[in-house]
Amino acid sequence: MKDNENFVTIFDSNFLPQGIALYSSLEKTLTKFTLWVICIDAECNKILNSLNKPHIKTIELSTVETPELLRVKKERSRAEYCWTLSPFAPKFVFDHDANVTRVTYVDADTFFLRNPYAIYKEFEDAKKPILISEHAYAPEYDQSALSGKYCIQFMIFQRNESEKVRKWWEIQCIKWCFNRFEDGKFGDQKYLDDWLELFPDDVHVLNDKELLLAPWNASRFPYTNAVMYHFHGVRLLKNNRVNIGNYLLPRVLVENVYKKYIEHINNAIETLIKVGYKYKPQQKSSFSQFFKSGISVLHNNIKL
C-alpha cells in the first residue's frame with residue numbers, strides 16, 4: 001500500500017451519518033489516508049468542512065459539473081444522477097490534486113473492518129491499472145443477469161493508465177444511467193460486465209471474494225475474513241430506528257458486524273449534531289429488519 005491511500009465517495013447531506021461512519025472505519029484501520037467526498041449539495045459540503053476532520057477533503061459538485069452532466073441531471077433522479085457521477089469521481093480527484101497517483105472509489109455505505117493491505121497487494125501484483133470485484137452472490141440472491149456480475153462498491157483507478165476505461169464508462173453513463181433494467185443495462189453497474197472483454201489488459205478482478213462482503217453473500221462467506229462490508233439497504237428511520245435491509249442475515253453477523261456499524265452511525269449523528277446537522281429519516285418504516293436505540297432487534301426476520 002501507499003503511505004497515503006486516497007479514497008473517493010459520493011453522498012448528499014441526508015447520507016452524512018453513513019459517510020462519517022465510513023470515515024471512522026478508515027481512521028481505525030489506516031494510519032494515513034485521504035477520503036475525498038463529492039458533496040451532492042451545499043449543506044453536505046458545509047457540514048463536512050465544519051467538522052474539520054484531518055483526512056477529509058471535499059469537492060462541491062456544483063464546482064465540477066460539466067455541461068454534459070448538467071444536461072442529463074434534469075432527466076434523472078438524485079440516485080440515478082449519483083450513479084451517473086461514478087465514473088467521474090476518480091477524475092475529479094486526479095484533477096484536484098496532481099500528486100494523487102491512484103484513487104479508490106468506495107460507496108458511502110461501506111465500512112472497513114480491517115486494513116485493506118491484502119487488496120492493494122493483489123492489485124499491485126496484477127500490474128493492471130484498474131481493480132474491480134464481483135458481487136459474489138449467494139445462490140439464493142443471484143442477480144447477476146440483471147444487476148451485473150461486478151459491483152461498483154470498491155474500485156481502484158491508477159492515474160493516466162486507467163483513463164481509457166474510465167472515459168469509456170463515463171460516455172456510457174452519460175448516454176444511459178437509470179434505475180431500471182433495460183436492454184442489458186442497469187444504472188452505472190452493468191457496464192462493468194463488458195470490461196474484461198473490451199479491456200482485458202487494463203482490468204483486474206479481485207481473486208479473493210471474501211475480502212469485500214455484503215448482505216447478498218452473507219450466507220456464503222464468513223464475515224471474519226472480510227476487509228470491508230457493504231451495508232447495502234441500511235436506512236435510518238424516525239424514532240431512533242434503523243432498517244437493516246431485506247436480506248436474511250446470519251445472527252452472528254448481526255451481532256458482530258451490524259451492531260458495530262450502528263454504533264458508529266450513532267456516534268456519527270452525535271458528532272454531526274454538534275455542528276448543526278438536523279437528523280432526517282432516510283426512509284419510511286417498512287416490514288424489514290430493524291434496530292432501535294440500544295441496538296435491540298424488533299423483528300425476527302433474522303436467521304438464528
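Of the residues Val252, Val257, which single one is of a type in the set (A, V, I, L, M, F, W, C) and open to solvent by 50 Å² or more (accessible area, probe 1.4 Å)?
After applying the criteria, what remains is Val252.
Scan the strands (runs of 3 or more DSSP E) fully inside the stretch 102-160 and keep the ones with 2 or more residues being over 27 Å from Lys259 (Cβ atoms), of a type outside the set (A, V, I, L, M) and more than 14 Å from the chain's Cα centre (by Cα).
Ranges flagged: 150-158.
Exactly one of (1) at negative phi; (2) touching a helix residue (DSSP H, G or I) at 6+ places or on another chain (Cβ under 8 Å) is unmet by Gly148. Its number?
For Gly148, the exception is condition (1).
Let's see how each residue does on (1) in contact with a Leu (Cβ under 6 Å, 6 or more places away or on another chain); (2) among the acidic types (Asp, Glu):
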residue	(1), (2)
Ala42	no, no
Leu51	no, no
Thr58	yes, no
Asp97	no, yes
Val100	no, no
Val106	no, no
Glu122	no, yes
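Answer with yes or no whether Thr66 is touching a His at 6+ places or on another chain (Cβ under 7 Å) and surrounded by fewer than 21 Cβ atoms within 10 Å (Cβ to Cβ).
Considered against the rule, which asks whether it is touching a His at 6+ places or on another chain (Cβ under 7 Å) and surrounded by fewer than 21 Cβ atoms within 10 Å (Cβ to Cβ), Thr66 comes out as no.
Go through the stretch 165-223 and report how many residues are surrounded by fewer than 17 Cβ atoms within 10 Å (Cβ to Cβ) and among the β-branched types (Val, Ile, Thr).
2
Of all residues being among the acidic types (Asp, Glu) and open to solvent by less than 40 Å² (accessible area, probe 1.4 Å) in the stretch 106-133, which is farthest from Val234 (Cα to Cα)? Just the residue, please.
Filtering first and then ranking leaves Glu122.
Among (1) touching a residue at least 24 places away in the same chain (Cβ under 8 Å); (2) under 28 Å from Val275 (Cβ atoms); (3) of a type in the set (S, T, N, Q); (4) open to solvent by 20 Å² or more (accessible area, probe 1.4 Å), where does Thr34 come up short?
Among (1) touching a residue at least 24 places away in the same chain (Cβ under 8 Å); (2) under 28 Å from Val275 (Cβ atoms); (3) of a type in the set (S, T, N, Q); (4) open to solvent by 20 Å² or more (accessible area, probe 1.4 Å), Thr34 violates only (4).
Output the residues belonging to the stretch 224-235 that are touching a helix residue (DSSP H, G or I) at 6+ places or on another chain (Cβ under 7 Å), closer than 19 Å to Asn115 by Cβ and open to solvent by 10 Å² or more (accessible area, probe 1.4 Å).
Result: Asn225, single match.
Among the residues in the stretch 4-27, are any within 24 Å of Tyr258 (Cβ to Cβ), surrounded by fewer than 21 Cβ atoms within 10 Å (Cβ to Cβ) and among the aromatic types (Phe, Trp, Tyr)?
yes
From the list His299, His232, pick out the single residue that is part of a loop (DSSP other than H, G, I, E, B) and at pLDDT 95 or above.
After ruling out the rest, the residue left standing is His232.
Of all the residues that make up the stretch 272-296, how many are surrounded by fewer than 17 Cβ atoms within 10 Å (Cβ to Cβ), closer than 28 Å to Ser50 by Cβ and modelled with pLDDT of 50 or more?
Residues that pass the stated criteria total 10.
Which condition number does Lys190 fail, the rest of (1) free of Cβ contacts under 8 Å to residues at least 12 places away in the same chain; (2) touching a Gly at 6+ places or on another chain (Cβ under 8 Å); (3) among the basic types (Lys, Arg) being met?
(1)
Out of the stretch 71-100, which residues are among the acidic types (Asp, Glu), assigned to a helix (DSSP H, G or I) and open to solvent by 80 Å² or more (accessible area, probe 1.4 Å)?
Asp95
Hey, does the stretch 234-243 have a residue that's within 19 Å of Phe154 (Cα to Cα) and in contact (Cβ under 8 Å) with a residue 24 or more places away in the chain?
Yes, there is a match, as at least one residue in the stretch 234-243 is within 19 Å of Phe154 (Cα to Cα) and in contact (Cβ under 8 Å) with a residue 24 or more places away in the chain.
The values are calculated or read from the model by the stated rules, or taken from the named source; none is laboratory data. Because the structure is predicted, anything quoted here is derived from the model rather than measured. Every residue, glycine as well, gets a Cβ built from its backbone with ideal geometry; the counts of neighbours run over all protein chains shown. Protein only, heavy atoms only, side chains kept; ligands, DNA and RNA dropped before computing areas. Shrake-Rupley method; radii C 1.70, N 1.55, O 1.52, S 1.80 Å.
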